[in-house]
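Inspection log for the structure reproduced underneath, given as C-alpha cells.
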Amino acid sequence: MPRNQLVQMLANPGLLPALLGLLAGCASEPPRSPGPAQLPTYQSNAAYNKPYTVKGVTYYPLASANGYRETGLASWYGAESGNRTADGSRFDPQGFSAAHRTLPIPTKVRVTNLRNGRFVDVLINDRGPFSPNRLIDLSQGAARQIGVSGLTEVEVSYLAVPSGGE
C-alpha cells in the first residue's frame, strides 16, 4: 500500500480503533507460565509463603486469598499428631486446621461438604496435599465436623487472614 494511502487511513478517526484492534490481535503472544520475573511480591517473608518444590513440582503460594473459591476433593489426616506444621505450630488432629498447596499461611477458609451442605471454618497452617487431584487436607476434627471420610467433594472459600497474618 502506498504511504499516502496509509496516512489517509490513519487520519480517519473511525478507522483508527479498528486498525489498532486488528494490529493488537496480530501482535499477541500465547500465554506463558509465570517465571521468576512474573511472580507476585509476597507480603510475608516467611519461607512457607514463598515458592517451594515437592516431588519435582514447584508450587507458587498466592500473595493474597481475597476472592478465592474453588471446588475439589478433600481428604483428611491425623496420624501426624504433634508434628510441626509449615507455620511451626504443633499439629492437633482434633483441631480445625488444614493443609493447602498455594493459599497463604495463615488463611481462614470455609470448607463445605458438597454432598451434605455441612461446613467448617479452618485455619490453613500447613502445605499439602501432594497427592494428585486433591485440593485440601483437613485435620481429622474438621473432617469429622462436616462428614468427610475418605475423599469428598468440597468447596473451599476465603474468609479472612487471621490477626497477626500478612
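Can you report the number of residues in region 102-127 which are assigned to a loop (DSSP other than H, G, I, E, B) and surrounded by 19 or more Cβ atoms within 10 Å (Cβ to Cβ)? Reasoning before the result, please.
Keep residues of region 102-127 that are assigned to a loop (DSSP other than H, G, I, E, B), which gives 102-106, 114-118, 127.
Right, trim to surrounded by 19 or more Cβ atoms within 10 Å (Cβ to Cβ) and you get 103-106, 127.
Within region 102-127, residues that are assigned to a loop (DSSP other than H, G, I, E, B) and surrounded by 19 or more Cβ atoms within 10 Å (Cβ to Cβ) number 5.
Note on region 130-141: among residues that are open to solvent by less than 30 Å² (accessible area, probe 1.4 Å) and over 13 Å from the mean Cα position of the chain (by Cα), the one that is farthest from Tyr77 (Cα to Cα) is Gly141.
Starting from residues that are without any contact (Cβ under 8 Å) to a residue 24 or more places away in the chain and in contact with a strand residue (DSSP E or B) (Cβ under 7 Å, 6 or more places away or on another chain), keep the ones in region 59-100 and report whichever is least open to solvent (accessible area, probe 1.4 Å). Among them, the one singled out is Gly82.
Can you name the residue in region 128-166 that is assigned to a strand (DSSP E or B) and among the hydrophobic types (A, V, I, L, M, F, W, C) and, of all such residues, is modelled with the lowest pLDDT?
Among those that are assigned to a strand (DSSP E or B) and among the hydrophobic types (A, V, I, L, M, F, W, C), it is Ala160.
Can you tell me which residue in region 149-166 is nearest to Trp76 (Cα to Cα), limited to those that are open to solvent by 10 Å² or more (accessible area, probe 1.4 Å) and of a type in the set (A, V, I, L, M, F, W, C)? Step through it out loud before you land on a result.
Residues of region 149-166 that are open to solvent by 10 Å² or more (accessible area, probe 1.4 Å), as a first pass: 149-151, 153, 155, 157-166.
From what is left, the residues that are of a type in the set (A, V, I, L, M, F, W, C) are 151, 159-161.
Details: Leu151: 8, Leu159: 20, Ala160: 22, Val161: 22 Å.
Restricting to residues being open to solvent by 10 Å² or more (accessible area, probe 1.4 Å) and of a type in the set (A, V, I, L, M, F, W, C), the top hit is Leu151.
Scan region 67-104 for residues that are more than 17 Å from Arg144 (Cβ to Cβ) and at pLDDT below 95 and the total you get is 9. Against the numbered list (1) in contact (Cβ under 8 Å) with a residue 24 or more places away in the chain; (2) under 27 Å from Lys55 (Cα atoms); (3) not charged (D, E, K, R), Thr112 comes up short only at (2).
The values are calculated or read from the model by the stated rules, or taken from the named source; none is laboratory data. Remember, it's a predicted structure, so these values are computed and weren't measured experimentally. FYI the Cβ positions are ideal-geometry reconstructions off the backbone, even for glycines, and counts take in every protein chain you see. Heavy atoms of the whole protein, side chains included, go into the accessibility calculation; ligands, DNA and RNA do not. Shrake-Rupley method; radii C 1.70, N 1.55, O 1.52, S 1.80 Å.
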